[in-house]
1. Under the 0.36 nm per residue contour assumption, what length would be gained going from the current alpha-carbon distance of A65 and E83 to full extension?
2. For G38, which sequence-distant residues (separation of 5 or more, or a different chain) have an amide H within less than 5 Å of its own amide H, given hydrogens modelled in the peptide plane?
3. If packing is taken as the mean number of other Cβ atoms within 10 Å per residue, what is the order of 20-30, 36-46, highest first?
4. If you work out Rg/Rh (Cα atoms, Kirkwood Rh) from the coordinates, which of (i) 1.08; (ii) 1.01; (iii) 1.19 do you get?
5. Go through I82, A3, C36 and say which Cα lies farthest out towards the positive end of the charge dipole of region 2-109; charges sit on Cβ, +1 for Lys and Arg, -1 for Asp and Glu.
6. If you stretched the chain out fully between K107 and R14, how much longer would it get, using 0.36 nm times the residue separation minus the C-alpha to C-alpha distance?
7. In whole Hz and in residue order, list the ³J(HN,Hα) couplings for region 79-88 that follow from phi through the Karplus curve 6.51 cos²θ - 1.76 cosθ + 1.60, θ = phi - 60°; x for Gly and Pro.
8. All other residues with a Cβ under 12 Å from the Cβ of D30 taken together, and with Lys, Arg as +1 and Asp, Glu as -1, what is their net charge?
Amino acid sequence: LFAKEMFGNDTKIRLRPSYFPFTEPSAEMDISCNICGGKGCPFCKHTGWVEILGCGMVDPNVLEANHINSSMYSGYALGLGIERITNLKYQVKDLRMFSENDVRFLKQFVMC
């Protein structure tokens, strides 16, 4: 799994049922908070877990609304929270820092 590759083998992973209006069934994937080691902190809202993606099978009504035959085709939706993953990877404690446009903060993430 990419979460273990990204955050290390000690990372705990859980998949739990969820609700999204465009998928059925739906699920969310959480990983143990690597900022607090799963003990609970403000970043993970004292739960020890952080959601990193939502997923599910595309609801047939969504396919039909887009003129796709749902008895012939199905789909899978997956949405990664890139800022949250970056937060955890680099242990940035406040997600809002990514949208404040502080060049001193942002330049540490330049890849080239």
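1. Details: separation 18, 0.36 × 18 = 6.48 nm, distance 3.08 nm.
Once the chain is fully extended between A65 and E83, it gains 3.4 nm.
2. C33
3. Working: 20-30: 16.3, 36-46: 14.5.
Packing order, densest peptide first, comes out as 20-30, 36-46.
4. (i)
5. Among I82, A3, C36, the one farthest towards the positive end of the dipole of region 2-109 is C36.
6. Values: separation 93, 0.36 × 93 = 33.48 nm, distance 3.26 nm.
Difference between extended and current length: 30.2 nm.
7. Calculated HN-Hα couplings, in order: x, 8, x, 4, 5, 5, 5, 5, 3, 6 Hz.
8. Numbers: positive: K12, R14, R16, K45, R84; negative: E28, E51.
Around D30, the surrounding residues sum to +3.
Bear in mind these aren't lab numbers, they're just calculated from the coordinates by the rules spelled out. Note that this is a predicted model, so its numbers are computed, not measured. Don't worry about glycine lacking a Cβ; one is built from the backbone with ideal geometry, like all the others, and counts go over all protein chains shown.
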